[in-house]
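The values are calculated or read from the model by the stated rules, or taken from the named source; none is laboratory data. Predicted, not measured: the structure shown is a model, and the values here were computed from it. Here the Cβ is made from the backbone with ideal geometry for all residues, glycine too, and neighbour counts use every protein chain on show. Side chains included, ligands, DNA and RNA excluded: accessible areas come from the protein's heavy atoms. Shrake-Rupley method; radii C 1.70, N 1.55, O 1.52, S 1.80 Å.
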Amino acid sequence: MTFEPVSRTVRNSELFLTKGAARTMDPDMIHSLRHRGNRVFLDPVDEDVSDDVAAAADVLIAASISAHRDLESRPLTTKVVRIDHHVDPRLRRILASRGAPPEAAGPMLVRYFGETVNAVSTPQIAAEVDFVHVDTARQDVAWMQRVPGVHMHYAVRQHRLLDRHKPFLKGFTAALAGANILLARDETEAAFWLPDDYPYWIEAHPSEDAILAGLDYARETFRGEQWEEALAMMRELSARTADSVIVSQLEDALS
């Protein structure tokens with residue numbers, strides 16, 4: 001693959017338009033690209049795409065189960081393929097270099113990884129959770145060095161109007177790292193990946209008290225039967241998003 005800004009001059013190629021490029025497209029631009037012998041793949045990730053733009057493309061990429069269902073429900077003839085949002089390969093290498101997942105020794109370590117504006121946080125919650133800000137606007141892998149050794153990932157989202165179909169990347173990341181995750185039942189995508197009896201769901205749209213209670217329960221059950229059952233569910237989640245699975249999905253899209 002080569003990576004470059006979208007251009008109408010490219011010919012006879014498979015053009016995989018990432019979120020930013022897909023956002024700039026209109027039907028005429030897509031038809032112009034296809035007229036030059038290109039095949040156009042649109043990947044809006046967690047954003048929306050109009051029916052006119054979707055209909056002009058060769059293939060629509062859904063980065064989540066909820067996005068896939070939404071796209072397939074539309075009156076379109078465009079092929080729709082799901083390619084789940086893979087965990088950053090650089091993190092895979094870091095985890096591999098550190099060896100086994102975190103040992104169940106010492107106190108339970110809870111961290112949040114992501115844009116802090118996307119998380120529910122209060123001073124009381126921040127006293128229990130180590131918030132690691134990830135700036136997605138620039139290349140910075142320093143946060144990845146803080147993933148190994150974490151026992152539980154915090155993923156209680158502060159929902160915003162711009163959110164559409166968020167992939168369950170925080171869950172995939174926690175699963176790869178051999179950790180559990182605390183999340184609320186209003187996470188639509190997560191419900192496709194973790195069973196209803198996963199021990200560390202908390203109520204939808206949780207209050208601060210509900211979140212603190214969920215963290216307390218995780219600490220009470222740390223190293224216990226419920227904890228180990230949850231880790232087994234997370235291992236299953238990791239298997240469902242292994243590199244081989246993502247590669248197969250990509251091959252299906254390109255076929």
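3J(HN,Hα) couplings calculated from phi for the range 73-81 with the Karplus curve 6.51 cos²θ - 1.76 cosθ + 1.60 (θ = phi - 60°) are, in sequence order, 7, 7, x, 10, 9, 5, 5, 10, 10 Hz; Gly and Pro show x. Protein heavy-atom accessible surface, 1.4 Å probe, per residue over the range 198-253: 52 Å². Each label was represented as a point 7 Å from its Cα along the Cα-to-Cβ direction; for THR2 and ALA204 these points are 4.8 nm apart. Select one label from (1) 1.31; (2) 1.05; (3) 1.01: the one whose number is Rg/Rh (Cα atoms, Kirkwood Rh) as derived from the coordinates shown. Label of the calculated value: (3).
Taking the 1.4 Å solvent-accessible surface of the chain as the whole, the part contributed by carbon and sulfur is 52%.
Packing-based ranking of 193-204, 71-82, 170-181 yields 170-181, 193-204, 71-82, ordered from highest to lowest mean Cβ neighbour count within 10 Å. Taking 0.36 nm per residue of separation and subtracting the current Cα-Cα distance, fully stretching the chain between VAL245 and LYS19 would add 79.2 nm. Angle, helix 208-221 long axis vs. longest principal axis of the chain, Cα atoms, 0 to 90°, nearest 10? Between helix and principal axis, roughly 70 degrees.
Summarising the strand pairing of the range 50-205, around 5 percent of its internal DSSP beta bridges are antiparallel.
Can you tell me the orientation of helix 89-98 relative to the chain, as the angle in degrees between its alpha-carbon axis and the longest Cα principal axis, to the nearest 10? Roughly 30 degrees between the two axes.
Between ASN12 and LEU109, take the C-beta separation as r, use R0 = 51 Å, and let me know the FRET efficiency to the nearest 0.05. For ASN12 and LEU109, the calculated efficiency is 0.50. Taking every DSSP helix (H) stretch of at least 4 residues in the chain, weighting each as -39,500 (n - 2.57) and dividing the sum by the residue count yields a mean residue ellipticity at 222 nm of -10500 deg cm²/dmol.
When you restrict to C-alpha pairs under 8 Å that are six or more residues apart and normalise by the size of the chain, the relative contact order lands at 16 percent.
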